[in-house]
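In what follows, a single structure is set out as structure tokens and then discussed.
The values are calculated or read from the model by the stated rules, or taken from the named source; none is laboratory data. Computed from a predicted model, the values in this text were never measured in an experiment. Note: ideal-geometry Cβ built from the backbone for every residue, glycine included; neighbour counts use all protein chains shown. Heavy atoms of the whole protein, side chains included, go into the accessibility calculation; ligands, DNA and RNA do not. Shrake-Rupley method; radii C 1.70, N 1.55, O 1.52, S 1.80 Å.
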Amino acid sequence: MTDGTITVMVVDDHPIWRDGVARDLAENGFDVRATAADAPAAVRIARTVRPSVVLMDLNLGGTSGVAATREITTALPETKVLVLSASGEHSDVLEAVKAGASGYLVKSASVAELVDAVHRTAAGDPVFTAGLAGLVLGEYRRMADAPDGGAEPPRLTERETDVLRLVAKGLTARQIAERLVLSHRTVENHVQSTLRKLQLHNRVELARYAIEHGLDED
């Protein structure tokens, strides 16, 4: 890759599955730095290898992938966690996102879908298996309906709002550039400007803000 190899860590308590995912990622150009079988090992090893993306299962043989996700994202803000779980239960998805996960894929995803998801997660995009994005969107809308003291949101330019709306729809920076007929650099400048104005840290938080304020709607 021209922008550097993406470093990855795979966390799963099933050795065959864990090794298979690690192998698939390595064969597709990722630098698999480590694997782990339970939550304590995942947190300990992640602090050492500091991967760009952690592929995290939720049920780790009696230990919690949600707890590991929370600890890793708190200790390593630059590391993104992409959940890869057999469960598509709504409660599991919401708990993982609340713990700091950047995305959620079910294990029925193809290798191509997994590879694309890891690339997008490393780039800061929220990634969800089809059908789950709407669940998360609905939850944030529900939270947004709660009283918030009437605080006035920061003022964004019309173009920043256009970009933010497309971020909420899950488009990448390049897709946004094509849609708005802008350069990729200009889109990135708008994203960074909006992050500063809203005092947010990454595109995942940006998407959440947009969803909370209804900017994902046409």
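Relative to the longest principal axis of the Cα atoms of the chain, the long axis of helix 111-122 makes an angle of roughly 60 degrees. Classification of the range 1-44 by its C-alpha gyration tensor yields an oblate form. The axis ratio a/c (a ≥ b ≥ c) is 1.5 or more, and b/c is at least a/b.
Where a ≥ b ≥ c are the square roots of the eigenvalues of the C-alpha gyration tensor, would you call the range 173-218 rounded, which needs a/c under 1.5, or, failing that, prolate if a/b is larger than b/c, or oblate? It comes out oblate by the Cα gyration axes. Here the gap between LYS107 and THR161, fully extended at 0.36 nm per residue and compared with their Cα-Cα distance, gives a gain of 16.0 nm.
Protein heavy-atom accessible surface, 1.4 Å probe, per residue over the range 6-112: 43 Å². Between the residues THR35, SER91, GLY214, the greatest Cα displacement towards the positive end of the dipole of the chain, with unit charges on the Cβ of Lys, Arg, Asp and Glu, is found for THR35. Taking 7 Å along the Cα-to-C-beta vector as the label spot, tell me the ARG47-ASN28 distance in nanometres, rounded to one decimal. It is 3.1 nm.
Between ILE16 and ASN59, the simple spin-label model (points 7 angstrom out along Cα→Cβ) gives 1.6 nm.
Rounded to the nearest 10 degrees, the angle from helix 158-168 to the longest Cα principal axis of the chain is 30 degrees. With both residues required to sit in the chain, DSSP beta bridges show an antiparallel share near 10%. Pairwise Cα separations in the chain fall into 10 Å bins from 0 onward with the following percentages, short to long: 8, 33, 35, 19, 4, 0.
Other residues within the sphere of radius under 9 Å centred on the Cβ of VAL191, judged by their own Cβ, net out at -1 (K and R +1, D and E -1). Note on GLN192 and GLU78: their simple-model spin labels are 1.6 nm apart, each label 7 Å out from Cα toward Cβ. A simple rule links phi to the HN-Hα coupling: the Karplus curve 6.51 cos²θ - 1.76 cosθ + 1.60 with θ = phi - 60°, which for the range 56-64 gives 10, 7, 8, 9, 10, x, x, 10, 9 Hz, with x for Gly and Pro.
Here the accessible area is traced with a 1.4 Å probe on the protein chains. For the range 1-87, carbon and sulfur cover 50 percent of it. Accessible area per residue (1.4 Å probe, heavy atoms of protein chains only) ranks GLU205, GLU95 as GLU95, GLU205, with the largest value leading. For LYS98, a cut-off of 16 angstrom between C-alpha atoms picks up these lysines, skipping any fewer than 8 places away in its own chain: LYS80. Helix 15-27 axis versus longest C-alpha principal axis of the chain: approximately 60°, rounded to the nearest ten.
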